[in-house]
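Participant: Here it is: the structure, laid out below.
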Amino acid sequence: MGLIGEELKIDFVISTGDNFYEDGLTGVDDPAFFESFTNIYTAPSLQKQWYCVLGNHDYRGDAEAQLNPILTKKDSRWLCLRSFIVNAEIVEFFFVDTTPFVNEYFINPGDHTYDWKGVSPRENYLANLLKDVDSALGSSTAKWKIVVGHHTILSAGHHGITDELLKQLVPILQKHNVDAYINGHDHCMEHISSSHSKIQFLTSGGGSKAWRGDIRKMNPEELKLYYDGQGFMSVQITDTNAIFVSMIFLAMFCINGAYLKRALICIEIPEFSTASARST
């Protein structure tokens, strides 16, 4: 990741959530912040601004700790908010807090405890969030509009489709001609081009717990890329082109399961190699 960052001279890094496993941070002094962030991403090219959203695992800890500016004082790269906008001139990134949309976390949390401080009452929180997303997208004049959230909307991976987002968020994204939705949650690298939407759905969730070996049935005309392994994604955007490349790690094992080697393979997503996605 550091080598690719150096080669591309990246401007910033995006984290699609589940920043700290298994159960987020216990507070602003949790050593996991250094162990899983500061001391991991040490390459010179990664000493850039990081924009992070919360995932469901983050909500299992002290969610507000990740939003606390104290962490930014500990490591100036860190910025995590529930929902926010990054204006990069020709492109705007709209970060959306997707965890509160998922009914299961409220109705059937199982053995997990979620930190809903700042979210309750849920109905008001979601209504205001959807209103803000609608307003922000509507007022944007950016050439490219990209929405980032933790949860999948469409996916052939372990978690599959998130019905709540499909019903509540997607109509707003379609209304405002959003070009792409980038998410994590499923531990894979994936690209879906739906026949029902101009939005390109991109999963970059290959940071950990990969190689699960499960894939859901999906129309092969729509499932453009699926890799059930580790990786990350690069994005290069100009006024006329948006190039998304999935960087996948190909692990090789011998017959007795011993690790042999790992190679990095770059796969360009063709739909974004030209300005064919949308012109304004």
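The values are calculated or read from the model by the stated rules, or taken from the named source; none is laboratory data. Everything numeric in this text was worked out from a predicted model, so none of it was measured. Reconstructed Cβ throughout: ideal geometry from the backbone, glycine too, with neighbour counts over all protein chains shown. Quick note on the areas: whole protein, heavy atoms, side chains included, nothing else; ligands and nucleic acids left out. Shrake-Rupley method; radii C 1.70, N 1.55, O 1.52, S 1.80 Å.
Participant: Probe radius 1.4 Å, ligands and nucleic acids ignored: give me the carbon and sulfur share of the accessible area of the chain as a rounded percent.
Facilitator: So the carbon and sulfur contribution to the accessible surface is 52 percent.
Participant: Any of Lys167/Lys217; Lys73/Lys143; Lys145/Lys224 with alpha carbons more than 25 Å apart? Name them for me.
Facilitator: Pairs exceeding 25 Å: Lys73/Lys143.
Participant: How big is the range 1-140 along each principal axis, measuring the range of its Cα positions in Å and listing the largest first?
Facilitator: Computed over the Cα atoms, the extents are 45, 40, 23 Å.
Participant: Compute the convex hull volume of the Cα atoms of the range 133-191, divide it by the residue count, and report the result per residue in Å³ as a whole number.
Facilitator: Each residue corresponds to 77 Å³ of Cα convex hull volume.
Participant: Enter the per residue convex hull volume of the range 152-222, computed from alpha-carbon coordinates, in Å³ rounded to the nearest integer.
Facilitator: With only Cα atoms used, the range 152-222 gives 80 Å³ per residue.
Participant: Could you pull out every one of the lysines with an alpha carbon less than 17 Å from that of Lys209, ignoring same-chain neighbours closer than 8 positions?
Facilitator: none
Participant: Which value, in debye to the nearest 20, describes the size of the charge dipole of the chain about its Cα centre when Lys and Arg Cβ atoms bear +1, Asp and Glu Cβ atoms bear -1, and nothing else is charged?
Facilitator: Taking the Cα centre of the chain as origin, the dipole is about 460 debye.
Participant: Let me ask another. Using heavy-atom solvent-accessible surface (probe 1.4 Å) with all chains present, what is the largest-first order of Arg77, Arg60, Arg216?
Facilitator: The residues order as Arg216, Arg60, Arg77, largest area first.
Participant: Separate question: How large are Rg and Dmax for the range 47-92 when calculated on the C-alpha trace, in angstrom?
Facilitator: 11.8, 36
Participant: Roll a 1.4 Å probe over the protein chains and send me the accessible area per residue for the chain in Å².
Facilitator: On a per-residue basis, 48 Å².
Participant: What are the extents of the Cα atoms of the chain along their three principal axes, in Å, largest first?
Facilitator: Computed over the chain, the largest-to-smallest principal extents equal 51, 46, 38 Å.
Participant: Which of rounded, prolate or oblate describes the range 87-202 when judged by the alpha-carbon gyration tensor and an a/c cut-off of 1.5?
Facilitator: oblate
Participant: In debye, nearest 20, what is the charge dipole magnitude of the range 91-214 about its Cα centre with +1 on Lys and Arg Cβ and -1 on Asp and Glu Cβ, if you could check?
Facilitator: With only Lys, Arg, Asp and Glu charged at Cβ, the dipole is about 320 debye.
Participant: Give the distance, in whole Å, between the Cα centre of the range 193-222 and the Cα centre of the range 76-140.
Facilitator: Taking the Cα centre of the range 76-140 as reference, the centre of the range 193-222 is 22 Å away.
Participant: Also, quick follow-up: What is the antiparallel percent of DSSP beta bridges lying wholly in the range 1-230, to the nearest 5?
Facilitator: So the antiparallel bridges in the range 1-230 amount to around 40 percent.
Participant: Next question. Mind checking the dipole of the range 3-126: about its Cα centre, +1 per Lys or Arg Cβ, -1 per Asp or Glu Cβ, Debye to the nearest 20?
Facilitator: Charge dipole of the range 3-126: 320 debye, to the nearest 20.
Participant: Relative contact order (percent) for the chain, with alpha-carbon contacts under 8 angstrom and 6 or more residues of separation?
Facilitator: 13
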